[in-house]
Amino acid sequence: MKYFITGGSGLLGQRLATVARDNDELVLVHNSNPTGDTVKCDITDESQVHDSVVEENPDVIIHCAAMTHVDLCEDEVDKAYSINGDGTGYLAKAAEEVGAKIIYVSTDFVFDGCRGYYKEDDPVNPLGIYAKSKYDGEVQLQKYSSNWAIARVSVLYGWHERANFTNWVVKELRSKREINIVTDQINSPTLADNAGEAIFEIARRDKNGVFHTAGNDAINRFDFTLKIAEAFDLNDGLINPISSENFVQKAPRPRDSSLNVSKVEKELGMKMETCSESLKRMADSE
Ligand SMILES: NC(=O)c1ccc[n+]([C@@H]2O[C@H](COP(=O)([O-])OP(=O)(O)OC[C@H]3O[C@@H](n4cnc5c(N)ncnc54)[C@H](OP(=O)(O)O)[C@@H]3O)[C@@H](O)[C@H]2O)c1
């Protein structure tokens, strides 16, 4: 199968390449950070998107590209909607034109976090600009494509040259620096490799609809950080618990946006890993 993977220079795009099968043909797409043999396509440029997709003629588009800096989206609202919303619409139109399936990677932040352990058909209520613009992407996807799937993930992590939460924690603790971590934000941290495996399974089984391809826990950020320290044999005494009230973040965060992954396990016949399992896998692969 031929895959056109946007966000090919980012964390998930790079990890998708490591879990793909030998006979998968991948076109990895970058915007401003060429990485290996990625090809350039700015998803905010509709004609570039159209021409790239028509030229590559993939069977499946896996759309990982996004403006992912949650707080920056509050300052650059138009840019957030242009990349996360309209860019997704352009890709969905191009996918439809070439008869490709499109799998859009979305976020636990589409939920307001008042309840937690969300299922795929629970009502959404995105809080900040990042969340609203990602949800706009979900809406545009369904408007322009007849063969779509949505894969929602949460606090993605894994080995990548740019910082994500887990490799940042490892770096800080190895440098013996203290870190302050909130105790009152709950998610389902997701190893990008494990999400990637689920996303490829959606493609292989030709599934449509929404899937929570996330880690198999509901865990607060402080406890997750303790597990990182344990998996990498680092000093957890450097990790200080704090409350969100004492930690200024520009964008609102859901209190508990953990995701229920039972649909993925049932329909894709695969296991989503707990963070202990995923952190061990990450540590073992260093
Ligand atoms: N990270 C998380 O904790 C998290 C949580 C929930 C959901 N998600 C979702 O998961 C997906 C993957 O996230 P990630 O952490 O792997 O992302 P990431 O590492 O931050 O990478 C973002 C990617 O988007 C690309 N991109 C940005 N603007 C673009 C544009 N105008 N045209 C084309 N490409 C553009 C970047 O390309 P260049 O670098 O080449 O410019 C990069 O490859 C995203 O859809 C995100 O919303 C992430």
Check your understanding: Which lysines have a Cα lying under 21 Å from the Cα of Lys171, excluding residues fewer than 8 positions away in the same chain?
Key -> Lys227, Lys280
Check your understanding: Out of region 146-214, which GluC sites (Glu not before Pro) are coil in DSSP terms and have no more than 14 other C-beta atoms within 10 Å?
Key -> Glu161, Glu178
Review point. Given springs between every Cα pair under 10 Å in a Gaussian network model of the chain, which of Lys171, Lys207, Lys132 has the largest fluctuation?
Key: Lys171
Study note, to complete from the structure: Carbon and sulfur atoms account, in whole percent of the 1.4 Å probe accessible area of region 141-286, for 46 percent
Revision key, fill the gap. Quick shape check on region 1-97: root eigenvalues a ≥ b ≥ c of the Cα gyration tensor, a/c under 1.5 is rounded, otherwise prolate if a/b tops b/c, else oblate, and it reads oblate
Practice item. Could you go through region 196-201 in sequence order and give the Karplus-derived ³J(HN,Hα) for each residue, using 6.51 cos²θ - 1.76 cosθ + 1.60 with θ = phi - 60°, rounded to whole Hz, and x for Gly and Pro? Key: x, 4, 5, 5, 4, 5
Check your understanding: If amide H atoms are built 1.01 Å from N in the plane of the peptide, which residues on other chains or at least 5 residues away come under 5 Å of the amide H of Leu259?
Key -> Tyr117, Tyr118, Ser188
Check your understanding: With the Cα gyration tensor of region 242-286 giving a ≥ b ≥ c as the square roots of its eigenvalues, does the rule (a/c under 1.5 for rounded; else a/b larger than b/c for prolate; else oblate) give rounded, prolate or oblate?
Key -> oblate
Review point. For region 146-286, what proportion of DSSP beta bridges, expressed in % and rounded to the nearest 5, is antiparallel?
Key: 15 percent
Check your understanding: In region 1-50, which trypsin sites (Lys or Arg not before Pro) fall in coil by DSSP and have 10 or fewer other Cβ atoms within 10 Å?
Key -> Arg21
Practice item. Kindly report, to the nearest 10 Å², the accessible surface of Ser285 as traced by a 1.4 Å probe over protein heavy atoms only. Key: 70 Å²
Check your understanding: So, by mean Cβ neighbours within 10 angstrom, what's the order for 98-104, 274-280 with the highest one leading?
Key -> 98-104, 274-280
Practice item. State the antiparallel share, in %, of DSSP beta bridges confined to the chain, rounding to the nearest 5. Key: 5 percent
Review point. In deg cm²/dmol and to the nearest 500, what is the mean residue ellipticity at 222 nm of the chain if only DSSP H runs of at least 4 residues count, each as -39500 (n - 2.57), divided by the residue total?
Key: -11000 deg cm²/dmol
Revision key, fill the gap. The helix 221-231 Cα axis meets the longest alpha-carbon principal axis of the chain at an angle in degrees, between 0 and 90 and rounded to 10, of 80 degrees
Exercise for review: Kindly identify region 189-286 as rounded, prolate or oblate by the Cα gyration tensor criterion: order the square roots of the eigenvalues as a ≥ b ≥ c, call it rounded if a/c is under 1.5, otherwise compare a/b with b/c, prolate if a/b is larger, else oblate.
Suggested key: oblate
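The values are calculated or read from the model by the stated rules, or taken from the named source; none is laboratory data. Keep in mind the model is a prediction, meaning the values are calculated, not measured. FYI the Cβ positions are ideal-geometry reconstructions off the backbone, even for glycines, and counts take in every protein chain you see. With ligands, DNA and RNA removed, areas are computed over all heavy atoms of the protein, side chains included. Shrake-Rupley method; radii C 1.70, N 1.55, O 1.52, S 1.80 Å.
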